Every structure is written in structure tokens, then in C-alpha cells.
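The values are calculated or read from the model by the stated rules, or taken from the named source; none is laboratory data. These figures come from a predicted structure and were not determined experimentally. Cβ coordinates were reconstructed from backbone atoms using ideal geometry, including for glycine residues, and neighbour counts include every protein chain displayed. Note: areas computed on protein heavy atoms with side chains; ligands, DNA, RNA excluded. Shrake-Rupley method; radii C 1.70, N 1.55, O 1.52, S 1.80 Å.
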Amino acid sequence: MAEWHRIPIDEALTRLATSLAGLGRDEARRRLAECGPNELEEQVRRTPLAMLLGQFTDFMILVLIGAAVVAGAIGEPGDAAPIIIIVVLNAVIGFAQEYRAERAMAALREMSGNYAAVLRSGEHLSVPAREIVPGDLVLLEAGNVVPADVRLVEAVHLKTVEAALTGESLPVEKLSEPLPDPNVPLGDRRNMAYKGTVVAYGRGIGVAVATGMGTELGRIAAMLQQEAENKTPLQRRLAAFGKRLALAVLAICAVVFTLGLLRGEPLLLMLLTSISLAVAAIPEALPAVVTITLALGARRMVRQNALIRR
């Protein structure tokens with residue numbers, strides 16, 4: 001990536017084959033076809049059905065479903081019904097939490113700058129942010145979301161909030177002069193404005209130097225998408241605990257079932273006894289209790305403007 005913060009404005013315009021009057025409309029269309037839309041690429045979203053089915057993949061949940069099926073098959077709905085209710089309750093709460101989070105994230109993506117003001121052939125235009133291309137002259141005013149990474153050509157009391165990139169919550173004052181130091185960190189490149197940041201004060205003009213996945217925000221998105229999804233320590237401990245408990249209970253039930261048959265007890269009686277023992281030993285309310293507790297915690301965090309995905 002070129003060190004645009006080091007380059008004088010004239011050189012930046014020359015490299016991007018543009019001018020202070022902006023690109024021509026035909027040239028903008030050609031570049032859009034060549035570079036693609038100014039959007040962040042997304043991984044395939046999970047469908048609502050996939051979210052719902054994902055609630056039934058826990059080992060303990062699968063054991064409980066199996067116990068409920070067997071209990072129902074041998075005519076003991078009194079044992080099967082409470083298990084099914086708990087499993088369904090757990091799935092509904094988990095699905096609702098994840099579905100709301102996905103919708104909120106989609107809404108946030110839609111809000112991130114639908115339109116942008118640009119200068120093309122000397123004319124002020126409002127175009128969809130996805131149609132911004134390298135070389136476009138972007139007009140920035142207070143309240144605007146910066147639609148692309150831009151090298152500032154003009155900055156009049158311009159300040160932007162770059163917390164999304166640098167973590168700095170205070171607005172950063174911008175300028176247009178080149179910064180010759182090659183080691184200037186991202187947060188100190190005051191002659192640059194980056195996609196996804198917000199103009200807090202003043203106005204300015206910048207030439208788009210990167211769009212879509214080529215922006216700093218795009219680089220972060222790419223790194224996040226490449227990172228494998230890891231389970232939290234709590235998820236790993238609960239999964240391990242549930243698996244050990246379920247295997248221990250199944251082993252004990254198998255021993256009780258076998259010993260009963262060796263004593264000459266009826267097959268149906270021993271099967272029912274084993275299922276009852278499994279239902280009594282496995283804490284079928286544990287998944288629902290954990291889910292409800294985490295959902296309540298997530299709800300409190302939402303009040304602090306945190307978004308909990310799962």
C-alpha cells in the first residue's frame with residue numbers, strides 16, 4: 001500500500017490520474033467496473049434455520065433428546081415431556097439472542113454511510129457510497145461517515161472520530177500537509193481520513209486512495225474473517241463437563257440395565273429404570289439455566305452499547 005500520508009497533494013492526484021475537479025462520470029463508471037464496489041466483503045451469513053439447528057449440537061442436549069425419544073417410544077410421556085420442554089426452551093432463548101444480534105449487525109452495516117458527496121467534473125453529486133472509486137474527490141462535513149480511505153486535499157477545522165480503528169475516543173484534528181516521516185503510525189496520520197470513521201467537526205475534501213477491502217477497515221475485516229471461530233473458555237468447560245457427565249451416566253445406566261437382566265428382571269422394566277436413572281442424573285435444566293444467565297448478562301451489556309452475537 002502506498003504511503004499516501006508522505007505524498008504531496010499534487011503527486012497524489014497525479015498517481016491517481018485525477019484532478020481537483022474530480023473524475024469524469026465515464027471514468028468513474030470505468031473504475032467502478034475495474035475496482036468493484038466500495039463494500040466490505042462478508043462471509044456467508046448463517047440462515048435462521050442454521051442458527052436454530054445449532055442450538056441442538058451440544059452433547060448433553062443430544063443425550064437428553066435421545067432419552068426423551070426412548071421414553072416416549074416406550075409409552076412414558078411423563079418422563080419425555082419435561083425434557084423436551086427444557087431442550088426447546090434452551091433452543092428458543094439461544095436462537096432469539098443470536099438472531100437479534102445478527103439483525104442488529106446487519107442494521108449497523110446498512111447505517112455505515114449509504115450516500116456520499118463527491119465532486120465529478122467540477123459538479124457536486126450525491127452518489128451511493130458503494131460507487132466511490134479511487135481518484136474520487138470526496139466532500140466531508142460534520143456528521144458524515146467517511147466512505148473510503150482519503151488523502152485530505154483541504155481541511156478546515158476538520159476533526160474525525162477514529163475510535164473504530166485506533167481506539168482513540170477523542171476527535172482527531174486533521175490537516176492537508178504531507179507528513180515526511182515514513183514511520184508515522186496510523187493514528188497520527190493526520191492528513192488521512194479512513195473509511196468508517198465519523199466527521200465530528202469542520203469540513204474538508206479528500207481524494208479517495210483506497211476503497212472496499214483495500215481500506216484499513218477492509219484489512220481488519222479480512223483478518224477477522226480469516227480467524228477461525230474459537231469457543232470461549234466457559235463454552236469449552238461446559239462442553240467437557242457435559243460430555244463427562246453424560247458418558248458417566250450412560251455407563252452407570254448400562255451397568256444397571258445389564259445387572260437387572262442378569263437377575264432375571266423384565267426387559268421393559270429395566271429399560272424404563274435405566275431411562276429414569278439417566279433423566280434423574282443428567283441436569284437437564286443446566287443448558288437452559290446457563291443460557292438464561294448469559295442472556296441476562298448480555299442484556300445488561302446491551303444497555304452499555306455492547307453487541308453480543310452469541
Please go through region 62-79 and give me each residue that is surrounded by fewer than 21 Cβ atoms within 10 Å (Cβ to Cβ), modelled with pLDDT of 75 or more and aliphatic (A, V, I, L, M), ordered by number.
Leu62, Ile65, Val69
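Considering only residues that are in a strand (DSSP E or B), aliphatic (A, V, I, L, M) and open to solvent by 20 Å² or more (accessible area, probe 1.4 Å), look in region 120-148 and name the one that is nearest to Val161 (Cα to Cα).
So, considering only residues that are in a strand (DSSP E or B), aliphatic (A, V, I, L, M) and open to solvent by 20 Å² or more (accessible area, probe 1.4 Å), the one nearest to Val161 (Cα to Cα) is Val145.
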Checked pairs for region 18-29, first over 18 Å from Val150 (Cβ atoms), second not in a helix (DSSP H, G or I), C-beta under 6 Å and 6 or more apart or across chains, list as Gly24/Ser121; Arg25/Arg120
Of the residues in region 216-247, those that are of a type in the set (Gly, Ala, Ser) and at pLDDT 80 or above come to Gly218, Ala240
Screening Ala21, Ala33, Ala12 for residues that are open to solvent by less than 100 Å² (accessible area, probe 1.4 Å), modelled with pLDDT of 90 or more and in a loop (DSSP other than H, G, I, E, B) leaves only Ala21
Considering region 244-264, residues that are more than 16 Å from Ala280 (Cα to Cα) and either outside any helix (DSSP H, G or I) or touching a residue at least 12 places away in the same chain (Cβ under 8 Å) (or both), and then whichever is most open to solvent (accessible area, probe 1.4 Å), we arrive at Arg263
Residue selected from region 187-206 under the condition in contact with a helix residue (DSSP H, G or I) (Cβ under 6 Å, 6 or more places away or on another chain) and not in a loop (DSSP other than H, G, I, E, B), by the criterion most open to solvent (accessible area, probe 1.4 Å)
Gly187
Consider only pairs whose beta carbons are under 6 Å apart and that are at least six residues apart or on different chains; among these, list those whose first residue lies in region 140-163 and is more than 15 Å from Ile9 (Cβ to Cβ) and among the aliphatic types (A, V, I, L, M) and whose second residue is open to solvent by 40 Å² or more (accessible area, probe 1.4 Å) and at pLDDT below 90.
Val145/Ser112; Ala163/Ser169
So Leu267, is it surrounded by 13 or more Cβ atoms within 10 Å (Cβ to Cβ), under 21 Å from Ala73 (Cβ atoms) and either among the hydrophobic types (A, V, I, L, M, F, W, C) or modelled with pLDDT of 80 or more (or both):
no
